[in-house]
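Taken together, the values in this text are just the output of simple stated rules run on the coordinates, not laboratory data. These figures come from a predicted structure and were not determined experimentally. As a convention, Cβ positions derive from the backbone with ideal geometry for all residues, glycine included, and neighbour counts pool all protein chains shown.
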Amino acid sequence: MEYGILSVAIPILTIVLAIITKDVIVSLMGGIFAGFLVLNGYNPVDAFIALFDGVITLFSEGWIVKTLLFIILVGAIIRLLTLSGAVESFVVYLSKKSKKIDSPVGAMMLAYIIGVVIFIESSITALVAGTIAKPLCDKNGVSREKLAYICDSTSAPICSLIPLNAWGALLLGLIVTAVDSQVIQGNAVSLLLASLPYNFYAIVTLLIVLAVIFLNINIGPMKHTSPIPYIRLHNESHIKATPYKMVLPVLVMVLMVPLGLYLTGKGDIFKGSGSTSVYYAVIVTLLFMYLYFVPAKVLTHKKYFQGLYEGIGEMIPVGMIMIFALLIGKVIGDLGTAQYLAHLLNGNISPLLIPLLIFLVAGITAFSTGTSWGTFSIMMPIALALGASMDLHIPLVIAAVISGGIFGDHASPISDTTIISSMAAECDHISHVRTQLPYALIGGMLASLGFLIAGWLTL
């Protein structure tokens with residue numbers, strides 16, 4: 001059965017709900033319910049049952065359960081790193097080492113390097129980078145607004161370019177759904193890796209930050225920012241300065257992912273199971289942390305499991321986003337949204353413009369909702385099906401969704417990473433948004449040009 005304009009109205013309704021409610025879970029559920037309402041002959045009881053039965057059906061897929069467990073267990077790792085004092089010890093260690101780079105450029109590069117190295121989760125990236133570099137930036141006359149900009153511009157972009165984290169799990173889940181439903185062909189891990197060179201906004205943003213640091217580029221409101229008077233740090237002699245509590249667990253998790261891909265792919269990393277690899281990576285990491293922290297009396301047995309449960313609880317909302325994201329992808333597929341859009345666009349708009357349009361729509365959605373993850377969840381199923389029906393280069397389509405989501409999220413005043421970056425740098429939030437926006441718009445324009453050229457080259 002063909003649903004025509006209704007197949008487009010459902011994802012639009014989801015986006016509108018996200019803009020109005022600022023709640024991704026509620027908007028996804030609303031879109032799913034509306035979709036099932038159409039699919040079930042406008043019977044609200046059947047639509048209600050289909051929604052919650054659809055959630056249960058997802059758990060019959062092993063890869064979905066593994067990916068969901070990975071996401072919530074990453075929360076446990078983050079919580080244990082905080083509870084054990086690993087982050088605090090890392091901060092003190094780098095603060096002492098930072099004396100060797102005591103200059104404005106050195107202070108900003110410290111924040112940049114931390115942002116690039118700690119790619120486990122965007123929030124912790126911004127928090128650690130801001131906390132460590134703030135005293136050195138103050139001492140060398142670097143404004144808090146510029147520090148917040150550096151923290152914000154290295155968090156989400158680097159997490160999307162090195163997707164050995166919850167970002168990668170969500171994106172793999174969305175791509176695997178499209179593969180399993182035969183919307184697209186290929187291996188999800190290979191497609192995600194192939195999309196990385198096309199992630200223009202993330203790449204351009206990281207390069208712009210380097211230019212800002214080394215060339216002291218101040219655009220728009222950033223010209224009028226002032227540094228905070230330097231105040232010496234409190235005595236930190238009671239904290240043992242060591243990087244190992246922070247570095248070793250992260251290193252174990254990072255190394256376990258490619259090893260898992262190699263083993264599950266039977267020697268071919270590109271044929272490995274992404275969901276299985278990240279699932280066992282976090283399990284091994286949590287086991288390593290227990291064997292490291294408890295015998296060393298960094299944490300007691302009781303404190304370890306307290307942190308474990310607290311971290312899992314903190315990631316439940318993220319897990320729910322993933323569940324409903326996968327379900328709305330199925331609903332959109334059943335409605336034939338992409339096929340209808342392809343029919344409308346065929347002959348009316350050049351295929352080379354589609355990646356650019358996907359990037360711009362994803363950017364507007366993320367800006368309005370303040371969430372890149374919610375944008376991925378809404379846009380990826382539509383974009384992949386549209387790309388397949390119009391015979392576009394699928395890695396480019398994937399990258400357009402990711403780049404657009406990060407661009408809009410980066411520019412949005414209601415984005416969680418924007419807010420956290422302001423907090424980490426102890427910068428006025430509105431001032432951070434105003435000073436960052438010109439750089440984000442420049443990155444968006446350059447990324448738009450990149451998608452336009454790439455759309456032409458890949459036809």
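Assorted remarks:
- Burial order of peptide ranges 419-427, 181-189, 299-307 (average beta-carbon count within 10 Å, highest first): 419-427, 181-189, 299-307
- Nearest-ten-degree value, helix 416-425 long axis tilted from longest Cα axis of the chain: 10 degrees
- Order of Val74, Val361 under a 10 Å beta carbon neighbour criterion, fewest first: Val361, Val74
- For segment 238-266 versus segment 385-401, the gap between their alpha-carbon centres in whole angstrom: 33 Å
- Annotation: Cα Rg of the chain relative to the compact-globule expectation 2.2 N^0.38 Å equals 0.99.
- The residues neighbouring Ala47, those whose beta-carbon lies less than 13 Å from its own, together hold a net charge of -3 under the Lys/Arg +1, Asp/Glu -1 convention.
- Helix 301-314 axis versus longest C-alpha principal axis of the chain: approximately 40°, rounded to the nearest ten.
- Applied to segment 427-437, the Karplus parametrisation 6.51 cos²θ - 1.76 cosθ + 1.60 on θ = phi - 60° returns per-residue 3J(HN,Hα) values of 10, 4, 5, 5, 5, 5, 4, 5, 6, 7, 3 Hz, with x for Gly and Pro.
- Separation of segment 107-184 and segment 1-45, taken as the distance between their Cα centroids, equals 32 angstrom.
- Pairs exceeding a 24 Å alpha-carbon distance, out of Lys240/Lys297; Lys97/Lys223; Lys240/Lys302: Lys97/Lys223.
- Charge-dipole axis of the chain as Lys and Arg at +1 and Asp and Glu at -1 on Cβ define it, positive-most pick from Phe288, Leu69, Leu345: Phe288
- Highest average first, the peptides 259-268, 81-90 ordered by how many other beta carbon atoms sit within 10 Å of their residues are 81-90, 259-268.
- Helix axis angle, 200-215 relative to the chain longest principal axis, alpha carbon, degrees: 20 degrees
- Under the Karplus curve 6.51 cos²θ - 1.76 cosθ + 1.60, θ = phi - 60°, whole-Hz ³J(HN,Hα) for segment 446-459, x wherever Gly or Pro sits: 5, 5, 4, 4, x, 5, 5, 5, 5, x, 6, 5, 9, 5
- In terms of the mean number of neighbouring beta-carbon atoms within 10 Å, the peptides 136-142, 310-316 order highest first as 136-142, 310-316.
- Other residues within the sphere of radius under 14 Å centred on the Cβ of Gly220, judged by their own Cβ, net out at +2 (K and R +1, D and E -1).
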